[in-house]
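Participant: I'd like to ask you about the structure that follows.
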Amino acid sequence: MPLIVRATTPPPTDPGGGGGVELPEVGFAVATFMDPSGTVRPLTSPELGWFTLSDGVSGLGAAPYELTTDAHPRGGARLRHVQAQPRLIVWPLHVYGSDHTEFLTRWRSLARAFTRTVREGPGILEIARPDGTRRRIEVVYQEGMEGRTDAEGGVLDDEAVLSLWCADPYWVDPTPLTEHRETGTLADYLVPYPSVSSGQVLGDTTLRNPGDVGVWPTWRITGPATGISVTNVATGESFQLDPGLTAHGDLVAGDEVVVSTDPPGVRGPDGEGPDGDNWTGALNWPSATLWGLPPGETPVRFQLDGAGPDSSVSVTFFARYETA
């Protein structure tokens, strides 16, 4: 367990007026924790009765990696595989009150908020910078709400040095990014006049992932369409969807199909409730690949057979980053 450092005064706040405190590997930022119930607790607002001991915060930098190697017959080794490992974040808090009852109420409230993640699912730690950008990560409490062992601890104040385990070591921007492509203006090619259509049309295009690592997007296809194909031109990975293999049949105007890549699945326009009906069987198995979107620019080809003026494809994802 990390060592507890005695502290009685809050760390300095942002002199530029952006709020928050200075955190290692981050700079001035505002930190909040959302427990599994959705309740949000600021971690850098001393007026609430606790504040972050910024000097003790760690684990906000690049993700840890495990390298698998094979010995090289001429010496050295060959890198065979790289695997990102779970992250451990250490987050010290100083909790205090004007009397023992107030202190104890605050301590118990924080303990309940963090420990419920081991029973009800991960909470969310979010780091927000003064420029408005935010990054968050799912965390599970491991230890740290034991407090000090000296005689003064637990009367009017105490320190909790939280160890927070992160199954996914990458930070996520909570604002979704969406790219939309639609059918261009349909015109008779025999008419001897040029026609102009939207620049964001189906066909060959480029998608940009601004993050540090790959993402697993969600695709939304709106009819009309009799066949759907989405291809990563750089790798050749693709998936095709044939609505004719379903009881619903071809997509008409207004029909929407949702293809998720993590977890993999296809949801059709029919069925009751938000889940619709299962169209996974309409994919071109076994060659279908519900591919992820790597960082940077990726050339992509959208093809909708039987498309009309209302046909479109949208892709939505959340950018992922190495650091907070």
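Participant: Within segment 204-219, can one find any residue that is buried (at least 17 other Cβ atoms within 10 Å of the Cβ), in a strand (DSSP E or B) and modelled with pLDDT under 95?
Facilitator: yes
Participant: Right, another one. Got a sec? Which of 323, 316 is hydroxyl-bearing (Ser, Thr, Tyr), at pLDDT 95 or above and in a loop (DSSP other than H, G, I, E, B)? So that I can check it myself, show each step before the final result.
Facilitator: Values: 316 fails: in a loop (DSSP other than H, G, I, E, B).
Checking each option against the conditions leaves just 323.
Participant: If you go through segment 100-123 one residue at a time, do you hit one that is modelled with pLDDT under 95, over 16 Å from residue 40 (Cβ atoms) and either of a type in the set (Gly, Ala, Ser) or under 22 Å from the mean Cα position of the chain (by Cα) (or both)?
Facilitator: no
Participant: Given the options 319, 307, name the one that is hydrophobic (A, V, I, L, M, F, W, C), under 21 Å from residue 225 (Cα atoms) and surrounded by 16 or more Cβ atoms within 10 Å (Cβ to Cβ). First the steps, then the outcome.
Facilitator: On the way: 319 fails: under 21 Å from residue 225 (Cα atoms).
The conditions single out 307.
Yes or no, residue by residue, for (1) out of contact with any Pro (no Cβ under 7 Å at 6 or more places or on another chain); (2) crowded, with 18+ Cβ neighbours inside 10 Å:
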| site | (1), (2) |
| --- | --- |
| 43 | yes, yes |
| 51 | no, yes |
| 89 | yes, yes |
| 125 | yes, yes |
| 131 | yes, no |
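Participant: Oh, and also: Is it true that some residue in segment 270-284 is of a type outside the set (Gly, Ala, Ser), at pLDDT 95 or above and in contact with a Phe, Trp or Tyr (Cβ under 7 Å, 6 or more places away or on another chain)?
Facilitator: Scanning segment 270-284, I find at least one residue that is of a type outside the set (Gly, Ala, Ser), at pLDDT 95 or above and in contact with a Phe, Trp or Tyr (Cβ under 7 Å, 6 or more places away or on another chain), so the answer is yes.
Participant: Looking at segment 85-97, is at least one residue in contact with a Leu (Cβ under 9 Å, 6 or more places away or on another chain), assigned to a loop (DSSP other than H, G, I, E, B) and at negative phi?
Facilitator: Scanning segment 85-97, I find at least one residue that is in contact with a Leu (Cβ under 9 Å, 6 or more places away or on another chain), assigned to a loop (DSSP other than H, G, I, E, B) and at negative phi, so the answer is yes.
Participant: Of the residues that make up segment 71-83, is at least one at pLDDT below 90 and of a type outside the set (Ser, Thr, Tyr)?
Facilitator: The first filter runs over segment 71-83 and keeps only residues at pLDDT below 90, leaving none.
Looking for residues that are at pLDDT below 90 and of a type outside the set (Ser, Thr, Tyr), one finds none in segment 71-83, hence no.
Participant: Conditions: (1) assigned to a loop (DSSP other than H, G, I, E, B); (2) farther than 27 Å from residue 282 by Cβ; (3) modelled with pLDDT of 95 or more. Residue 137 meets all but one. Number of the miss?
Facilitator: Unmet for residue 137, out of (1) assigned to a loop (DSSP other than H, G, I, E, B); (2) farther than 27 Å from residue 282 by Cβ; (3) modelled with pLDDT of 95 or more: (1).
Participant: Go through (1) in contact (Cβ under 8 Å) with a residue 40 or more places away in the chain; (2) within 18 Å of the chain's Cα centre (by Cα); (3) crowded, with 17+ Cβ neighbours inside 10 Å for residue 140 and report which single condition fails.
Facilitator: Just one mismatch for residue 140, condition (1).
Participant: If you don't mind, another one. For segment 140-154, enumerate the residues that are of a type in the set (D, E, K, R) and either modelled with pLDDT under 95 or in a loop (DSSP other than H, G, I, E, B) (or both).
Facilitator: Listed by number, the residues that qualify are 146, 148, 150, 152.
Participant: Report, by residue number, each residue of segment 230-258 that is surrounded by fewer than 18 Cβ atoms within 10 Å (Cβ to Cβ) and hydrophobic (A, V, I, L, M, F, W, C). Outline the logic, then answer.
Facilitator: Narrowing segment 230-258 to residues surrounded by fewer than 18 Cβ atoms within 10 Å (Cβ to Cβ): 233-237, 240, 242, 244-245, 247, 249-250, 252-254, 256.
Correct list: 233, 234, 245, 247, 252, 253.
The values are calculated or read from the model by the stated rules, or taken from the named source; none is laboratory data. Predicted model only: the values in this text are computed from it and were never measured. No Cβ is skipped: glycine too gets one built from the backbone with ideal geometry, and neighbour counts run over all protein chains shown.
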